Amino acid sequence: MAKLGAWSLLIGLVAVAAISYFLVTRMQYIQFIGIVIALGLLVGFLNLNGDAEFLVVSVALLFALSFLASAVSSSIALIFDNLPVFVAASTLVVALKNLFSLNSVKS
């Protein structure tokens with residue numbers, strides 16, 4: 001299951017980047033962000049057995065994407081604006097799961 005979660009993250013990143021670059025001008029942006037969040041949540045649920053390693057990689061990816069968003073040209077800036085939304089949604093699910101499991105162990 002861990003490999004499925006890792007592959008889903010990679011496939012999701014590529015899919016969001018491709019859709020951002022090619023199709024977002026044809027779609028309503030609010031609908032697109034909803035799809036990106038839903039995909040991110042799906043990846044997060046697939047990574048529910050993910051431990052701190054997934055969270056560390058996700059946070060590092062969020063920082064890198066945020067810095068790259070301000071440094072790239074406007075033609076691909078939309079990609080770097082949308083990828084953090086996808087990663088943040090998946091990270092939120094795994095972080096909440098780990099938070100609840102920590103609280104249940106200490107109780």
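The values are calculated or read from the model by the stated rules, or taken from the named source; none is laboratory data. Because the structure is a prediction, the values reported are computed rather than measured. FYI the Cβ positions are ideal-geometry reconstructions off the backbone, even for glycines, and counts take in every protein chain you see.
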How many residues, within the stretch 43-78, are touching a residue at least 40 places away in the same chain (Cβ under 8 Å) and closer than 13 Å to Leu92 by Cβ?
-> 8
Cβ-Cβ below 7 Å, separation at least six or inter-chain, first residue in the stretch 4-21 and within 15 Å of Asn47 (Cα to Cα) and buried (at least 17 other Cβ atoms within 10 Å of the Cβ), second modelled with pLDDT under 85 and among the hydrophobic types (A, V, I, L, M, F, W, C): which pairs?
-> Gly5/Leu46; Ser8/Leu46
